[in-house]
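Please read the structure below before turning to the comments.
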Amino acid sequence: MGNRLSGRDFDFMLGDLMIHAETMSATIEDNRGVAKTKGVPNGKVAGDVGCSGEFELDTQNYNLVIDAARKAGSFEDLEEFDVVVNGEVDDESSKTEMFGCSFRITDLLNIDSKGGEKTKHKLAFDVTSPDFVKINGVPYLSRKSTENIR
């Protein structure tokens, strides 16, 4: 048995910008539900979906994002970007793509006065494109869910 994927094995692309994240998370909210008749399950109903996440960056990588925002004119002026998260070791690999992402700063600073750790900054993001999310090349949403949306 070879090496298994760990957090050290992932690279992060924000559009054409490669960053190194201290931590990264993404969560899909899928509000499909169970249809019920007289309180008894009787099929399913479609619901809304969303995906959001968060990058925790050290100052060096945070400054890469600041430079991109400076070039755009402001953080609000940053164009939506795709996030691609790749991980690969021996016989395991993982690729997650999130489309049309937009940043929100959640922790402008996270400073510990006793030291011992790098200063960190949190950037939350929301997926805004109907292309939504692909996991190892497989779309999360069905073709029917996204037809006629552009």
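Bear in mind these aren't lab numbers, they're just calculated from the coordinates by the rules spelled out. A quick note: this is a predicted structure, and the numbers were derived from the prediction, not measured. Cβ placement follows ideal geometry from the backbone for every residue including glycine, while neighbour counts extend to all protein chains displayed.
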In the stretch 89-118, anything in contact (Cβ under 8 Å) with a residue 40 or more places away in the chain, under 18 Å from residue 20 (Cβ atoms) and surrounded by fewer than 12 Cβ atoms within 10 Å (Cβ to Cβ) is listed as none
Hits in the stretch 89-119 - residues which are β-branched (Val, Ile, Thr), closer than 30 Å to residue 139 by Cβ and in a loop (DSSP other than H, G, I, E, B): none
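For every residue, the table says whether it meets (1) among the acidic types (Asp, Glu); (2) more than 16 Å from the chain's Cα centre (by Cα).
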{"residue": "52", "(1), (2)": "no, no"}
{"residue": "88", "(1), (2)": "yes, yes"}
{"residue": "111", "(1), (2)": "no, yes"}
{"residue": "116", "(1), (2)": "no, yes"}
{"residue": "128", "(1), (2)": "no, no"}
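Does residue 86 satisfy being in a helix (DSSP H, G or I), in contact (Cβ under 8 Å) with a residue 40 or more places away in the chain and within 30 Å of residue 3 (Cα to Cα)? Reasoning before the result, please.
Details: in a helix (DSSP H, G or I): no; in contact (Cβ under 8 Å) with a residue 40 or more places away in the chain: yes; within 30 Å of residue 3 (Cα to Cα): yes.
Criteria not met by residue 86.
For a quick check of your reading: which strands (runs of 3 or more DSSP E) sit entirely within the stretch 1-49 and have at least 1 residues that are more than 30 Å from residue 143 (Cβ to Cβ)?
17-19, 23-30, 40-45
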